[in-house]
Amino acid sequence: MNVAHEPSGLPAARRAVAVGTFDGVHLGHLRVIEAARRAGLRSAVVTFDPHPRTVLGGEVALLSTLQRRLELLAAAGVEDVLVLRFDERLAALPAGEFARRVLRGIGAEVVAAGETFRFGHGREGDLELLVRLGFDVRRVPLVPEVSSSRVRELLRAGETVRAAALLGRPPEVEGIVVRGDGRGRALGFPTANLDVPAGLLVPPDGVYAGAALGRRAAVSIGTNPHFGGVERRVEAHLLDFDGDLYGQRLVVEVWSRLRGQRRFGSLTALVAAIGADVEQAREASRPG
């Protein structure tokens, strides 16, 4: 998949384009992308970084990093991606000028978008404007109840299985594996401690079944209250894995919540609970 950061960075071609932030690349996004791919031209996505809402004065907890978004777009069969830096200058660009510079600039003939798609300064542009400008517009009906905002709501509530149904795959947390306290290894359950990028949404504290590197995992999110921890961490114990992951980027699927975090009466009780977590993770079903 070609990735460019300005229209001239993509090779000349006749393109069918989907436009949006695509945070999380959920089922609604995939439907828009598929509409572009079915047009018979070279498929492309125009997306933005950082998230437009953060530039326009709002806050947003991201469902995926830009790197992960690009990986998911590639998996969806997209051939080209234009990542535009969203800043005040781009936010001020009139809709018609955006269509001329960006869409025409990458050879867009077909534009696929959801029915409520808006673009340009003050969200002045819509699908009718694109029709008037001569684009072949493919209107994609919205998928009921599917949106990045709804996925965020579910994840904040710990509803990982319901979030997976909207994403079409399990929700994920990612980060670079860094050194922790080493307690997991001492207890017989070594963990990969993630340095999670700022702004990425992390589900509520608890122990979850999940997966990473194609292996099932028991995933701990929280402050490790048994040892009086104060720093919120994401740690994944990969089942039947013995290797050095320090310094590597790790994408961890979060499947289902097994239990809350708590302080145990003894170290023996803690080890027994972790062992039970591992066995539940071994038997858990992957949602999505």
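Every number here is computed from the coordinates shown, using simple stated rules; none is lab data. Since we're looking at a predicted model, the values are computed, not measured. Neighbour counts run over all protein chains shown; Cβ positions are idealised from the backbone, glycine included.
Where the only charges are on Cβ atoms (+1 Lys, Arg; -1 Asp, Glu), what is the dipole of the chain about its Cα centre, to the nearest 20 debye?
Value, rounded to 20: 300 debye.
With θ taken as phi - 60° and the coefficients 6.51, -1.76 and 1.60, list the Karplus ³J(HN,Hα) couplings across the stretch 209-221 in order, rounded to whole Hz; mark glycine and proline as x.
7, x, 7, 7, 6, x, 10, 5, 8, 9, 10, 9, 10
Under the classification rounded if a/c is under 1.5, otherwise prolate if a/b is larger than b/c and oblate if not, where does the stretch 168-288 fall, given a ≥ b ≥ c as square roots of the Cα gyration tensor eigenvalues?
rounded
Report the per residue volume, in Å³, of the convex hull enclosing the C-alpha atoms of the stretch 1-70.
94 Å³
Counting only helical runs of four or more DSSP H residues, what would the 222 nm mean residue ellipticity of the chain come to if each run contributes -39,500 (n - 2.57) and the total is spread over all its residues?
Mean residue ellipticity at 222 nm (helix-derived): -7000 deg cm²/dmol.
Given R₀ = 41 Å, FRET efficiency for residue 248-residue 139 by Cβ-Cβ distance, to 0.05?
It comes out at approximately 0.45.
Would you please give the FRET efficiency between residue 132 and residue 61, computed as 1/(1 + (r/R0)^6) with r the Cβ-Cβ distance and R0 = 30 Å, to the nearest 0.05?
The formula returns an efficiency of 0.25 here.
Given a 10 angstrom Cα cut-off, can you work out which residue in 256, 148, 266 is the most mobile in a GNM of the chain?
Result for the chain, Cα springs under 10 Å: 266 fluctuates most.
Along the Cα-to-C-beta direction of residue 239, a point sits 7 Å from the Cα; which residues of the stretch 259-278 have their amide N less than 19 Å from that point?
Residues 259-260, 271-278 fall inside that zone.
What per residue convex hull volume, in Å³, do the alpha-carbon atoms of the stretch 10-146 yield?
103 Å³
Translational D (Stokes-Einstein, µm²/s) of the stretch 86-165 at 4 °C and 1.567 mPa s when Rh comes from the Kirkwood sum over C-alpha pairs?
Rounded to a whole number, D works out at 89 µm²/s.
Which of the following values of Kirkwood radius over Cα pairs in Å was calculated from the structure shown: (1) 20.5; (2) 23.4; (3) 18.9?
Read-out taken from this structure: (1).
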